[in-house]
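Working notes, structure below.
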Amino acid sequence: MKRRIAVILEMIKFEHTLFALPLAFAGALAARETFPDLKTWFLVLLAMVGARSAAMAFNRLVDARFDARNPRTKDRAIPLGLVSSRSVLVFIAVSCVLFFSAAALLNPLCLLLSPLALCLILAYSFTKRFTALCHLFLGLCLSVAPVGGWLAVTGEWTPAALSLAPGVMLWVAGFDVLYACLDMEFDRAAGLHSIPAFLGREKGLFLARLLHGSAWACFVAAGRFLNMGLPYYLGVAAVGGLLIYEHSLVRPKDLRRLDKAFFTVNSWVSVTLFLGVLADRLF
């Protein structure tokens, strides 16, 4: 049992929950209610772990036949038979229960919206089958994180809850376009859709730069809308620097440093945005 769980956690890259968790915490802080208590922080943490774990495991399950044919992914746990589909389904079910339980303990609105949020993030796994806009759909899924954090604190809907969402959506879409460059040839051969498969790597990387520039502008606009102070804008400036660095690592004919750009730099983007919001609340 422990070995199966360890294999599944490695399969879904559990440690990369770092992408989404700071976004939810940033949303909770940006709500500008009373500073969230430890219970709220903990429940937001559990909700994010449950939602992301369910979504990633579901993605690995429904994409297993493609992963088995893709040279980059053929060594994943399901294609290799290291874990059964049944075990993954049980893990997905447990993760969903964790997500719904945390939402219920937060407030009635979070519980009411939790099935919609879960359906959204699970649906992403099918989007590459029919649209090159799958990157924007993934961005939409992760943009739920700061909205959820906001609602966890306030317990009521307001348009301001969406303040950070556009920037998150465009940022995620941009780095997903970058990562999709690795699978451009396979996607074309398998009939899957992505921006690089549709436009080619050079135009795909250019579009990723446009998406990230637009994301940065949205973060600036969010600060103005929420009346953020200098600490927030310093954080956004640092985010801009990280995005520029990310794109300096990747060239159309040189993707050797793409893993660093995707995993390391983007983890710091979400953390830096959170720290900017936190600093604004504290100072």
Taking the stretch 227-257 on its own, how many of its residues are under 19 Å from the mean Cα position of the chain (by Cα), at pLDDT below 95 and under 18 Å from Gly27 (Cα atoms)? 0
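Residue by residue, here is whether (1) loosely packed, with under 15 Cβ neighbours inside 10 Å; (2) without any contact (Cβ under 8 Å) to a residue 60 or more places away in the chain holds:
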{"residue": "Asp183", "(1), (2)": "no, no"}
{"residue": "Phe186", "(1), (2)": "no, no"}
{"residue": "Ala189", "(1), (2)": "yes, yes"}
{"residue": "Ala197", "(1), (2)": "no, no"}
{"residue": "Leu205", "(1), (2)": "no, yes"}
{"residue": "Cys218", "(1), (2)": "no, yes"}
{"residue": "Leu255", "(1), (2)": "no, no"}
{"residue": "Leu273", "(1), (2)": "no, no"}
{"residue": "Leu282", "(1), (2)": "yes, yes"}
When the stretch 121-139 is checked residue by residue, the ones that are of a type outside the set (D, E, K, R), surrounded by fewer than 16 Cβ atoms within 10 Å (Cβ to Cβ) and in a helix (DSSP H, G or I) are Ala123, Phe126
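Residue-wise test of (1) open to solvent by less than 50 Å² (accessible area, probe 1.4 Å); (2) out of contact with any Gly (no Cβ under 8 Å at 6 or more places or on another chain); (3) assigned to a helix (DSSP H, G or I); (4) under 20 Å from Leu23 (Cβ atoms).
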position	(1), (2), (3), (4)
Arg60	yes, yes, yes, no
Phe66	yes, yes, yes, no
Pro79	yes, yes, yes, no
Val88	yes, yes, yes, no
Ala102	yes, no, yes, yes
Leu111	no, yes, yes, no
Leu116	no, yes, yes, yes
Failed item in (1) more than 25 Å from Leu21 (Cβ to Cβ); (2) modelled with pLDDT under 95; (3) of a type outside the set (Val, Ile, Thr); (4) part of a helix (DSSP H, G or I), with Lys260 passing the rest: (1)
For Phe175, work out the one condition from (1) at pLDDT below 95; (2) under 15 Å from Ala20 (Cα atoms); (3) surrounded by fewer than 23 Cβ atoms within 10 Å (Cβ to Cβ) it doesn't fulfil. (3)
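The values are calculated or read from the model by the stated rules, or taken from the named source; none is laboratory data. It should be emphasised that the depicted structure is a prediction, and the values quoted were computed from it without experimental measurement. We place every Cβ from the backbone using ideal geometry, glycine too, and count neighbours over all the protein chains shown. For the accessible areas, the whole protein counts, side chains as well, though only heavy atoms, and no ligand, DNA or RNA atoms are used. Shrake-Rupley method; radii C 1.70, N 1.55, O 1.52, S 1.80 Å.
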